[in-house]
Each structure stands twice: as structure tokens, then as C-alpha cells.
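Below is one structure, written out as C-alpha cells; the observations come after it.
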Amino acid sequence: MTPDLQLSTVPPQAGASAPAEVPSPASAPMPAGNVLDGIGNTPLIRVDGVWVKLEYLNPSGSIKARIAKYIVERAEAEGLLRPGDTIVEASSGNTGNALAMVAAVKGYSMLVVMPKGMSSERLAISKAFGADVELVGDFHVNEALARARELGQRPGYFAPAQFESEWNVEENRTWLGPEILAQLPAGTVPDALVMGIGTGGTLIGVGQAFRNVNPAVRLVGVEPDESCTILCGESGKHQVEGIADGFVPGIIERHRGLIDELTSVSSQDSLAVMRRLARGHGLFVGPSSGAHYMAAVALAEREPGLRTIVTVFCDEGEKYLSEHFRAAQDQ
């Protein structure tokens, strides 16, 4: 059964003055140098009592814009990525899209290694940014990962290795996590973080940032019922693209002890909530967002003492128009 959704906002502080109708030049946003300067500072809102970070509003349409920029610039600083090189990454879609965007801005060639069976929009977006796309394997990322690892060892290639890289965790600990904490109302600390496990970087990295302010914060990982690889060792096809890629990521193998709980949700329920978020609240997001929201609401109902539960809406619904939204309209 999917939860009813109610959108709420944080009330203004008592006695607070109204904002000026026209901001002064000193308070106006500074102009950005390029689209990469638009990454981050996404809104944090409340939906039926759950705090939701709207990461789908990043350039490239997903949370992965953050690690794409962060890892590429770290690699440049370390001398691992030089002009003329090719970035190669295994991805079910969002990281490939994000790295293709970063490569376009910085002038690198980009090769996205994707499994077959992902949404056609994800593949098309990477190509629109000028990336080459190689299809390897079916649905799960295992074979694509092996191919990207092999190419990344060749001269002139750089493989970010998102499923293994501690830079993925570092970005989430030092950038996304503190950003969420700064957006929560004054005096509020998170009691729980609910996050699907793709690479594991967000759950672990943001979780580490949250534990700096609340050592007791609950870290809850989400997987689809049909492929609860970490929870029960099973791997199967499902419809929540971006999580449960068919193996246990290296990040999770290293940091498994930080996760307090693993839970699973069905693909069909995730899709139903995804559509209701769009139709009822203008939140046009992908299947993983439906899964995250369901798991967060279930946790809140099961443990009412957890007052501040945070989750993330990771990618935009446009990436699933042909696969889920248009198909539902035609029924």
C-alpha cells in the first residue's frame, strides 16, 4: 500500500521581517562561470513530515553531477587526468550523463559503458553531451564495470570507478552532507537517513557527515524486493534504475558496519509513488525517489521517535518518460 502524500513547508520564524521585493546588488547571486557552477545548493523541502533533498534539480538531472565534478577535479589536481585523455565509466545512466556533461565543459572525450535494458533517455542524454556509449551486458552493471576497469588501465584513459572510489564517499561527506545540515532548521539534527544503495557513496558519506552532529543517527539502505543483493544475497531484474546494480559495491564492502538497517520495497509500489509525486505535488522524479520516499514514510510510521528523517530525490522524471510515464498514460 502506497502512502498518501502531503506537501508542507517550514513556517517563518515569529516576528521575522518580510523579504525585500527586489534584492540589493550585494545580495544577488554571483554570476557563474559555466554550468558546473550550478551544481549543488538544491532545495530541501518537507513532504508529509519527511525531509527531502531535491537533487534531481542539479545540472545533468541527477545527484551524480556532484561526484562527476568532484572526482574529475580531484583527478586533475592529482595529475591522473590530463588534456586529451578519455574518461571511461561504467554506469546504469546517471553517472554517465553527469560525467558526459563535465567532459563536455572541460574538453575531455567521454566513453560511457552501459548495460542494455536501461531507459532510452539515459543513453540519449549521454550522447547529446557528445559522449560515446558502449553497451555491455544486460541490465546489471557487472560486465560494464569489468570493461571500464580494463580500459581505465590503458594510457590516455581515466576511470573514476564510482563503485570503489573513496572520493565518492568524500564528496558526500564534505559537500552534500554539510549542505543538508545547513538547510535544516536551526537546532535540528537528523535522526535518520534513508537512501537507496547504488554505489553506496551517498548513504555512507552523508551518513558520516550526519554522525558528526548526531552519533546515533540511523542509516537505512534501500533495495528493490526483486534484487535485495546486500540484504539477502539475491540479484534480479527490477524497475528501480540506479540502485541494486547486481553486486555489492566496494564502498559498501568497506563501510558495511556503518549501516544500521537494510529494507526493501517493490518496484511496482515505487513506480506508483513516483507517479503520485508528479501528479499530486509537481515533483517529477524517477523510480528511486519513489522507493526512497516509501521507505522513509514506513520508517517514520514504525518509529515515531525519529522526528527528523532525511531522504533524497535523486534524478528527474524526464529520464523515464518512454519507460514509465508515457506507458502509464497510454493504459
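Miscellaneous remarks
- Local charge for LEU44 was computed over the other residues whose Cβ lies under 11 Å away, with Lys and Arg +1 and Asp and Glu -1, and equals 0.
- For the chain, share of DSSP beta bridges that run antiparallel, in % to the nearest 5: 20 percent
- Relative contact order (percent, whole number), the range 35-87, Cα cutoff 8 Å, 6+ residue spacing: 25 percent
- For the pair ALA77 and CYS232, the difference between a 0.36 nm per residue extended length and the Cα-Cα distance amounts to 51.8 nm.
- Its Cα centre serving as origin, the chain has a Cβ charge dipole (Lys and Arg +1, Asp and Glu -1) of approximately 380 debye.
- Using the rule -39500 (n - 2.57) for each DSSP H run of four or more residues, divided by the residues of the chain, the 222 nm mean residue ellipticity is -10500 deg cm²/dmol.
- Cα-projected label distance for THR174 with ALA128, points at 7 Å along beta-carbon direction, nm: 3.2 nm
- Computed extension length for ALA216-LEU321: 33.9 nm, one decimal, from 0.36 nm per residue of separation with the Cα-Cα distance subtracted.
- For the range 64-158: Kirkwood Rh in Å [reciprocal of mean 1/r, alpha carbons]: 12.9 Å
- If the chain linking GLN153 and ARG302 were pulled fully straight, counting 0.36 nm for each residue of separation and taking away their Cα-Cα distance, it would gain 48.9 nm.
- Whole-number percent relative contact order across the range 64-158, with pairs defined as alpha carbons under 8 Å at least 6 apart: 31 percent
- Average Cα contact separation per residue, the chain, under 8 Å, 6 or more apart, as relative contact order %: 18 percent
- Cut-off 11 Å between beta-carbons: net charge of the residues surrounding LEU99, Lys and Arg +1, Asp and Glu -1: +2
- Note on the range 304-326 and the range 189-206: Cα centroid distance 14 Å, given to the nearest whole angstrom.
- Centroid-to-centroid separation of the range 71-100 and the range 113-186 [C-alpha atoms, Å]: 9 Å
- Reach of LYS116 by Cα under 17 Å, taken over lysines that are not fewer than 8 positions away in the same chain: LYS127, LYS237, LYS319
All of the numbers you see were taken from the coordinates with simple rules; none came from a lab. Quick caveat, the model's predicted, so the values are computed rather than measured. As a convention, Cβ positions derive from the backbone with ideal geometry for all residues, glycine included, and neighbour counts pool all protein chains shown.
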